[in-house]
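S.K.: Please read through the structure below; I'll follow up with questions.
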Amino acid sequence: MPANASAEFSRRLFLGSTAAACLVAGFGAARAAGSIKPDAKSALIVVDVQNCFIDGGTLPVKGGAAVVPVINKLAASFQNIVVTQDWHTPGHASFASTHAGKKPFETTSMPYGTQVLWPDHCVQGSDDAALHKDLKLPTAGLIIRKGFRKDVDSYSAFVEADGKTMTGLAGYLKERGVDTVFVTGLATDFCVAWTAMDARKLGFTAYVIEDATRAIDLNGSLAAAWKQMTDAGVKRIQASDIA
Ligand SMILES: [Zn+2]
């Protein structure tokens, strides 16, 4: 074998092993299980895992209860956990019943833009608005309540639907040195998506743990949300990716 053929053979071997290493590191289609290890700068955000969004609630998300054991297992990997709670006044502006002639899942125009109208849900202090009883989150330090102003909805845990009123969550996380958030909960295409995209806008690295969420999927809203999240730099992972 001429010397240069041997060199060529070595180069191919090298390229082959580099490609394999890239796949393992997650550059390819598959990410190695348990390859992401949350640290002190990471926070798990558990969005709206409340009775209202589970079967038997006022605005049930299909399969919503299935996120509870997944999130409980993930909780063991996080030193920081934040929980959010949809917390509406009676007669809230996001309720179809508040608008004459409107039905749930229709839209209306609000001063801050188009608002989807929902069945009455998650009214402050009701059992419906309570967190799911099986959630076990030992390191959860904060519950952010949102949507509690009568005339403004809030899908996002960071910024209300007017696009300018901060909930304080970004300040809380930054003061605690958190730079990366992992978003879970309900529903993927509304409160989870808006929370993850606002996290990116506010300078956080943001992951959505897909199998720790469930979607409403209203008129293609799930596919649209994933497109918007991907465009915003939100990373889509599975619970098995977390160490
Ligand atoms: Zn709501």
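Just so it is clear, none of the values below were taken in a lab; they were calculated from the coordinates. Every value quoted in this text rests on a predicted model; they were computed, and no experiment measured them. Cβ atoms come from the backbone with ideal geometry, glycine included; neighbour counts cover every protein chain shown.
S.K.: Straight-line reach only, C-alpha to C-alpha below 18 angstrom: list the aspartates and glutamates that Lys146 could link to, leaving out same-chain residues fewer than 8 apart.
M.R.: Within the straight-line cut-off, Lys146 pairs with Asp48, Asp86, Asp120, Asp127, Asp128, Glu160, Asp162, Asp189, Asp198.
S.K.: Something else: Considering the chain as a Gaussian network with a 10 Å cut-off on Cα pairs, which listed residue, Val192, Val183, Val67, attains the greatest mean-square fluctuation?
M.R.: Looking only at Val192, Val183, Val67, the biggest GNM fluctuation is shown by Val67.
S.K.: Report, in listed order, any pair from Lys41/Lys136; Lys62/Lys201; Lys174/Lys227; Lys41/Lys235; Lys102/Lys227; Lys41/Lys164 with a Cα-Cα distance greater than 19 Å.
M.R.: On the way: Lys41/Lys136 21 Å; Lys62/Lys201 29 Å; Lys174/Lys227 27 Å; Lys41/Lys235 17 Å; Lys102/Lys227 29 Å; Lys41/Lys164 26 Å.
Pairs exceeding 19 Å: Lys41/Lys136; Lys62/Lys201; Lys174/Lys227; Lys102/Lys227; Lys41/Lys164.
S.K.: Can I ask one more? What is the sum of charges around Ala239, taking Lys and Arg as +1, Asp and Glu as -1, for the other residues whose C-beta is under 11 Å from the C-beta of Ala239? Don't skip to the end; give the middle numbers.
M.R.: Details: positive: Lys73; negative: Glu210, Asp211, Asp241.
Neighbour charge sum, excluding Ala239 itself: -2.
S.K.: Please tell me the relative contact order of the range 155-243 in percent, rounded to the nearest whole number, where contacts are Cα pairs under 8 Å and at least six residues apart. Walk me through the numbers on the way to the answer.
M.R.: Values: 142 pairs, mean separation 24.9, N = 89.
For the range 155-243, the relative contact order is 28 percent.
S.K.: Follow-up. For the chain, modelled as a Gaussian network with Cα springs under 10 Å, which listed residue fluctuates most, Gly163, Gly101, Gly34?
M.R.: Gly101
S.K.: Within a Cβ distance under 13 Å of Ala199, other residues only, what is the Lys/Arg minus Asp/Glu net charge?
M.R.: Values: positive: Lys174, Arg200, Lys201, Lys235; negative: Asp179, Asp198.
Counting the neighbours of Ala199, the net charge comes to +2.
S.K.: Restricting to Cα pairs below 8 Å that are 6+ residues apart, what does the relative contact order work out to for the chain? Please round to a whole percent.
M.R.: Details: 504 pairs, mean separation 54.5, N = 243.
Computed over the chain, the figure is 22 percent.
S.K.: Here is a further query. Rounded to the nearest 5, what is the percent of antiparallel bridges among the DSSP beta bridges in the range 38-241? Spell out each step's value before the answer.
M.R.: Numbers: 6 of 32 bridges.
If I count the DSSP bridges inside the range 38-241, around 20 percent turn out antiparallel.
S.K.: Also, quick follow-up: Step by step: find N for the range 38-241, compute 2.2 N^0.38 Å, then divide the Cα radius of gyration by it. What's the final number? Please report the intermediate quantities before stating the final value.
M.R.: Numbers: Rg = 15.7 Å, N = 204, 2.2 N^0.38 = 16.6 Å.
For the range 38-241, the normalised Cα radius of gyration is 0.95.
S.K.: Moving to a separate point now. Using the Cα centre of the range 204-243 as the reference point, and only Cβ charges (+1 on K/R, -1 on D/E), how large is the resulting charge dipole? Debye, rounded to the nearest 20. Present the calculation step by step, with values, prior to reporting the outcome.
M.R.: Values: 4 positive and 5 negative charges, 15 e Å.
With only Lys, Arg, Asp and Glu charged at Cβ, the dipole is about 80 debye.
S.K.: Okay, next question. Out of Ala32, Ala96, Ala199, any idea which swings most in a Gaussian network model of the chain, alpha carbons joined below 10 Å?
M.R.: The residue that fluctuates most here is Ala32.
S.K.: Assigning unit charges at the beta carbon (Lys, Arg +1; Asp, Glu -1) and nothing else, what dipole magnitude in debye, to the nearest 20, does the chain show about its Cα centre? Write out the running numbers ahead of the final one.
M.R.: On the way: 24 positive and 23 negative charges, 123 e Å.
So the magnitude is around 600 debye.
S.K.: Mean Kyte-Doolittle of at least 0.5 plus a Cα span of 24 Å or more along the axis: flag which DSSP H helices in the chain meet both, please. Intermediate values should be presented prior to the final figure.
M.R.: Working: long enough: 3-25 (33 Å, 0.73).
Correct list, ordered by number: 3-25.
S.K.: Considering the range 180-243, what Rg and Dmax in Å follow from its alpha-carbon atoms?
M.R.: When restricted to the Cα atoms of the range 180-243, Rg and Dmax are 10.7, 35 Å.
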